[in-house]
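The values are calculated or read from the model by the stated rules, or taken from the named source; none is laboratory data. If you're wondering where the values come from, they're calculated on a predicted model, not measured in any experiment. Every residue, glycine as well, gets a Cβ built from its backbone with ideal geometry; the counts of neighbours run over all protein chains shown.
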Amino acid sequence: MNQKTAKPTLAVFKFASCDGCQLTLLNCEDALLPLADEIEIAHFLEASSAVLPGPYDVTLVEGSITTPHDAQRIQEIRKQSKKLISIGACATAGGIQALRNFKNVDDFISVVYAQPGYIDTLATATAISEHVRVDFELRGCPIDQKQVIEVLTALLQGRRPDIPSHSLCVDCKQRGLVCVTVAQGTACLGPVTHAGCGVLCPACERGCYGCFGPMETPNTRALRTTWARRGMTDAEISQAFKGINANAPAFRKEHDAPKR
């Protein structure tokens, strides 16, 4: 709490990411204005160079941990935060950069950088929760505007955020969309993916890519079996799970599954 304004303080920090989730927060515009009257934005370099010292009442963290420096910095941020929320696929599952986890990172460094000796990096890109305690995870690539406003509002009111935990298929049915898998045989991660995107891809007759990560208790093995019966090869199935949330345990289990 800022003693001068008596308002709860909000901080936003970035790690390895594209800034897309922070931009989503800024793009909330009119929806964010009423909330802005209730909080003090103490640290948000994407929006302002003005910085207030911690501790902070609510901290949003975007991005994955990829360097020793970041691994140390997130510890300090956790100490300064009463509530810490990881936002987006990078912060909740490692993001697209976690594809490095399946190879030797030294091989990449030797090819990309002229002087590899100057690179100080970790062998993996990992979620924030693998390093510190996280009070809530908000999924998506990027996060959904309505969901981030709901999370901030809920925390200010002292209640748990009302974020749906069901799969994308539920949203498809509620909108009356024809299932792309049933009707067209299109591979779709919707049955095992967390809702929140507004069914962007199925609404365009494309399969879900799993941008919002695994839903709660996803039956990924059943989906793999269904795809195999429809003629997809092991390589095709593994590749489908190896996307933005590839390092999420439920998805990783399937693309690492032994070949038949």
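Here are a few things to note about the model shown:
- In the stretch 71-89, the residues that are out of contact with any Leu (no Cβ under 8 Å at 6 or more places or on another chain) and farther than 26 Å from Pro8 by Cα: Ala89
- Search result, residues across the stretch 99-130 that are under 20 Å from Val61 (Cα atoms), hydroxyl-bearing (Ser, Thr, Tyr) and assigned to a helix (DSSP H, G or I): Ser129
Condition check ((1) of a type outside the set (Asp, Glu); (2) more than 23 Å from Ile96 (Cβ to Cβ); (3) surrounded by fewer than 21 Cβ atoms within 10 Å (Cβ to Cβ); (4) assigned by TED's automatic domain parsing to the domain that holds Ile128) across all residues:
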site	(1), (2), (3), (4)
Gln174	yes, yes, yes, no
Arg206	yes, no, yes, no
Asn219	yes, yes, yes, no
Glu236	no, no, yes, no
Phe241	yes, no, no, no
Asn247	yes, no, no, no
Phe251	yes, no, no, no
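- Pairing residues of the stretch 184-200 that are surrounded by 24 or more Cβ atoms within 10 Å (Cβ to Cβ) with residues that are basic (Lys, Arg), at Cβ distances under 7 Å and at least 6 apart in sequence or on separate chains, gives His194/Arg139.
- Any strands (runs of 3 or more DSSP E) falling wholly within the stretch 14-98 and containing at least 2 residues that are under 30 Å from Phe241 (Cβ atoms) and in contact with an Asp or Glu (Cβ under 6 Å, 6 or more places away or on another chain): 81-87
- Within the stretch 147-199, tally of residues that are in contact with a helix residue (DSSP H, G or I) (Cβ under 8 Å, 6 or more places away or on another chain), more than 30 Å from Ala6 (Cα to Cα) and of a type in the set (D, E, K, R): 1
- When Arg133 is tested against (1) surrounded by 11 or more Cβ atoms within 10 Å (Cβ to Cβ); (2) out of contact with any Pro (no Cβ under 7 Å at 6 or more places or on another chain), only condition (1) is not met.
- Residue list for the stretch 83-130, filter: in contact with a helix residue (DSSP H, G or I) (Cβ under 9 Å, 6 or more places away or on another chain) and loosely packed, with under 14 Cβ neighbours inside 10 Å: Phe102, Asp106, Ser110, Pro116, Asp120, Ala123
- Of all the listed residues (Gln174, Gln145), the sole one being at negative phi and in contact (Cβ under 8 Å) with a residue 40 or more places away in the chain is Gln145.
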